[in-house]
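Participant: Below is one structure. I have some questions about it.
Please treat every number below as a calculation from the coordinates, not as lab data. Because the structure is predicted, anything quoted here is derived from the model rather than measured. All Cβ positions, glycine included, derive from the backbone under ideal geometry; neighbour counts span all protein chains shown.
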């Protein structure tokens with residue numbers, strides 16, 4: 001039964017494919033520019049959101065501060081006008097002068113205007129109730145003092161509503177005086193109540209501002225908490241998209257540098273880096289062709305030389321054994337020279353074949369699990385007679401060293417290093433062999449008591465046919481291929497061989513081989 005993938009799952013599956021396709025259409029410069037723009041964008045958005053939130057909070061703070069200042073100012077002014085109203089009202093009641101009455105009415109108008117302005121700055125019910133209470137008392141006072149029988153409107157245009165006349169003194173009674181006194185007495189407490197209500201209103205406004213500030217802070221934190229990780233994710237993504245093909249190029253260059261011509265070089269990513277990968281693959285093909293041609297030439301020449309050399313060696317042997325007739329002493333010397341040089345030439349051809357085989361097997365080594373310590377011990381046993389003939393002391397410090405490798409090539413490495421050490425070490429000398437495993441690598445060291453290798457020769461000592469000047473001066477014969485074979489066999493295992501200073505301060509040569517436990521893991 002066919003099952004349809006959910007839309008979300010299909011999107012997740014297709015995203016890497018689409019992303020890889022888009023990246024492949026870009027150049028490295030375009031990818032860097034796009035990556036920079038996209039990674040900066042969330043931070044820019046976060047900054048914009050923060051700026052807008054802070055601007056909103058700033059406007060609210062300004063508005064609240066303005067309202068608090070106006071309420072405080074109007075409250076103080078209202079208290080002053082109510083005091084003036086009481087003083088002028090009482091003055092009018094005593095003097096009965098028209099000017100005093102007009103002054104009292106104007107003061108009442110100012111009080112109503114202030115009350116109207118205070119009501120404009122807040123819709124708080126408690127504060128509005130206190131304003132209404134003050135307005136009612138002042139309306140009753142206006143009626144009781146001036147005889148105006150209707151309250152003035154809460155607008156500046158109160159003067160148009162001033163109608164009526166001053167009541168005569170004859171109509172005034174004892175009860176009216178008591179009522180006026182009572183109303184004047186109410187102005188103080190009701191003003192205090194209004195002050196308390198305005199104080200509570202200011203506290204509520206400040207608390208509201210604090211709540212708004214906390215909300216803005218939380219909003220900024222949430223937005224930052226979303227956008228900054230998004231920016232970090234984009235940064236990580238583009239770092240990978242840029243560095244991954246660079247690492248592939250580096251791996252390809254190292255592959256060519258170590259002589260691994262077997263594995264193809266593939267580079268994904270921007271088109272210019274993919275082009276470099278294609279050029280590296282082309283270089284690998286060219287090097288493979290050259291290597292095959294070189295090995296074919298060495299193999300053919302070596303084998304072609306072996307047949308006539310064998311005939312020369314056989315003829316010289318017949319002459320030396322005097323099978324074809326007696327020879328004199330001078331002829332015997334010439335025959336011995338021929339035998340010696342034919343043996344040297346045969347050894348050189350064998351070394352060339354080994355060197356060519358090492359190069360060929362670098363790209364097709366058959367690996368097996370083995371203990372390098374067993375190989376070292378086998379080679380030491382094979383060299384036992386040579387060691388005894390020169391009275392050389394061989395010191396072993398061998399630890400278990402299990403690895404994946406080609407047994408034949410590793411035996412060539414150990415045999416060449418130990419044979420060189422025996423060849424260059426003088427009689428009654430000493431050779432130290434060490435083998436240990438550490439951090440995924442095996443380390444083999446061979447230290448001898450020979451003439452050593454001068455610092456200027458160390459960079460060339462592993463080149464084919466190169467012989468160190470100290471060895472030539474000591475009169476030790478050699479082909480100059482032994483260490484070259486060692487380097488090729490070690491490189492086929494992704495390892496390194498080099499000449500190091502002796503840790504014990506001895507004057508001889510010290511070779512160190514580092515091999516990975518799993519060369520192609």
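Participant: Using all Cα-Cα distances in the chain, what percent lands in each 20 angstrom bin from 0 up to the longest?
Facilitator: So the P(r) values, bin by bin, are 15, 24, 16, 12, 11, 11, 8, 3, 1, 0.
Participant: In addition: Could I have the simple spin-label model distance between residue 45 and residue 369, label points 7 Å from Cα toward Cβ, reported in nm to one decimal?
Facilitator: A separation of 5.3 nm, rounded to one decimal place.
Participant: Please compute one quarter of the surface area of the Cα convex hull for the stretch 370-516 and express it in square nanometres.
Facilitator: Projected area, direction-averaged: 8.0 nm².
Participant: Suppose R0 equals 56 Å. What FRET efficiency, 1/(1 + (r/R0)^6) with r the Cβ-Cβ distance, do residue 232 and residue 297 give to the nearest 0.05?
Facilitator: For residue 232 and residue 297, the calculated efficiency is 0.45.
Participant: Follow-up. Relative to the longest principal axis of the chain, what angle (0 to 90°, nearest 10) does the C-alpha long axis of helix 329-361 take?
Facilitator: 30
Participant: Applying 1/(1 + (r/R0)^6) with R0 = 45 Å to the Cβ-Cβ distance of residue 204 and residue 177, what FRET efficiency is obtained, to the nearest 0.05?
Facilitator: So, using R0 = 45 Å, E works out to roughly 0.65.
Participant: Sorting 104, 240 on the 10 Å Cβ count, fewest up front, what's the list?
Facilitator: Ranking 104, 240 by Cβ neighbours within 10 Å, fewest first, gives 240, 104.
Participant: With n ≥ 4 as the cut-off for DSSP H runs, can you work out [θ] at 222 nm for the chain, using -39500 (n - 2.57) per run divided by the number of residues, rounded to the nearest 500?
Facilitator: My calculation for the chain gives -24000 deg cm²/dmol from helical runs alone.
Participant: Follow-up question, since we're still on this one. To the nearest 10 degrees, how steeply does helix 174-257 sit against the main Cα axis of the chain, on a 0 to 90 scale?
Facilitator: Compared with the principal axis, the helix lies near 10 degrees.
Participant: Could you check the simple spin-label distance between residue 55 and residue 454, using points 7 Å along Cα→Cβ, in nm with one decimal?
Facilitator: Spacing of the two 7 Å Cα→Cβ label points: 7.8 nm.
Participant: Compute the length gained on full extension between residue 195 and residue 378: take 0.36 nm times their separation in residues and subtract their Cα-Cα distance, giving the result in nm to one decimal.
Facilitator: Taking residue 195 through residue 378 to full extension adds about 55.2 nm, to one decimal.
Participant: Continuing with the same structure: By how many nm would the segment from residue 389 to residue 83 grow when fully extended, if each residue of separation counts as 0.36 nm and the alpha-carbon distance is taken off?
Facilitator: Taking residue 389 through residue 83 to full extension adds about 97.1 nm, to one decimal.
Participant: Could you check the simple spin-label distance between residue 222 and residue 331, using points 7 Å along Cα→Cβ, in nm with one decimal?
Facilitator: Placing both labels 7 Å beyond Cα along the Cβ direction yields 11.3 nm.
Participant: Also, I was wondering about something else. Give me the extension gain from residue 396 to residue 408: residue separation times 0.36 nm, minus the current Cα-Cα distance, reported in nm with one decimal.
Facilitator: Separation in residues times 0.36 nm, less the Cα-Cα distance, equals 2.1 nm.
Participant: Rounded to the nearest 10 degrees, what's the angle between the helix 271-320 long axis and the longest principal axis of the chain, both from Cα atoms, 0 to 90?
Facilitator: So the inclination is approximately 10 degrees.
Participant: What order do you get for 71, 485 when you list them from fewest to most C-beta neighbours inside 10 Å?
Facilitator: Exposure proxy ranking, most exposed first: 71, 485.
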